[in-house]
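Report on one structure; see the data block that follows.
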Amino acid sequence: MPELNQERTPITISHSDHAMPSRRQMLMTLGIALNAVAGALFAAPVIGYILGPALRREREEGLAWITLGPISNFPEGETRLATYRNPLVRPWDGETGAIPCWVRRIAADKFQVFAINCTHLGCPVRWFPQSGLFMCPCHGGAYYADGSRASGPPPRGLFEYKYTIVGGKLWIEAGQLPTLASPPSLACADQTRRCSCA
């Protein structure tokens, strides 16, 4: 009969360096990773807020005087459409980086340069020389030739760019489009009776 009292040798299981983590370790690692992602998402706007003034200064330096071409392109007494390339354009902007504007030559060296956008909702206005009016196709807004409001829903006259003439070329201060916070058209200041924007 075999001996019943055999010595039992303990079985040892060797753990290699690549052992599977326990469920607790895996969930802890996953939790830390998700918290890190959430923290980065919450930190991005805060960092943007803190760095905003420095970025704004950099953007303001990007505001530039852009040429619309020689003043001979704009005959006296006429209003013409001109385009310029936005100085803050990005490579992916494509054709949207080309900004149109209306140029009205009043006298030899006196111009008015209007943004193409209606002051109501921003639709592009068209110039109709037959009637001497800028008309907005969206909601029927109308503006006189000097940019002041004629009728319709627009709250004020057309937005105007600052301009200068250097070396026989017309230059405008571009890079920041006028908004409702911009001062009204200079033409409006003289004509309060027919312009509600002054």
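Condition check ((1) within 25 Å of residue 72 (Cα to Cα); (2) at pLDDT 85 or above; (3) surrounded by 15 or more Cβ atoms within 10 Å (Cβ to Cβ)) across all residues:
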residue	(1), (2), (3)
139	no, yes, no
143	no, yes, yes
151	no, yes, no
154	no, yes, yes
167	yes, yes, no
175	yes, no, yes
185	yes, no, yes
191	no, no, yes
>> Filter segment 44-81 down to the residues that are at pLDDT below 90, among the aliphatic types (A, V, I, L, M) and not in a loop (DSSP other than H, G, I, E, B) and list them by number.
In response: 44, 46, 47, 50, 51, 54, 55, 64, 66, 68, 71
>> I need a count of the residues in segment 156-165 that are crowded, with 16+ Cβ neighbours inside 10 Å and hydroxyl-bearing (Ser, Thr, Tyr).
In response: 2
>> So, in segment 118-170, how many residues would count as being under 25 Å from the mean Cα position of the chain (by Cα) and either over 28 Å from residue 71 (Cβ atoms) or in a loop (DSSP other than H, G, I, E, B) (or both)?
In response: 21
>> I'm trying to understand the selection: among the residues of segment 123-137, which are exposed (fewer than 14 other Cβ atoms within 10 Å of the Cβ) and over 12 Å from residue 102 (Cβ atoms)?
In response: 130, 131, 132, 137
> So which pairs qualify, if the first residue must be in segment 86-100 and free of Cβ contacts under 8 Å to residues at least 40 places away in the same chain, the second must be of a type in the set (Gly, Ala, Ser), the Cβ gap must be under 8 Å, and the two must be at least 6 apart or on different chains?
Replying inline: 89/97; 90/97; 100/82
> In segment 80-119, which residues are farther than 21 Å from residue 155 by Cβ, surrounded by 11 or more Cβ atoms within 10 Å (Cβ to Cβ) and of a type in the set (Val, Ile, Thr)?
Replying inline: 83, 89, 99, 103, 106
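Just name the residue that is nearest to the chain's Cα centre (by Cα) out of those in segment 90-117 that are part of a loop (DSSP other than H, G, I, E, B) and not aliphatic (A, V, I, L, M).
At the first step, the residues of segment 90-117 found to be part of a loop (DSSP other than H, G, I, E, B) are 90, 108-109, 116.
After this cut, where a residue has to be not aliphatic (A, V, I, L, M) as well, the list is 90, 109.
Working: 90: 11, 109: 31 Å.
Here the answer is 90.
The values are calculated or read from the model by the stated rules, or taken from the named source; none is laboratory data. Every value quoted in this text rests on a predicted model; they were computed, and no experiment measured them. Note that we place each Cβ from the backbone using ideal geometry, even for glycine, and neighbour counts take in every protein chain shown.
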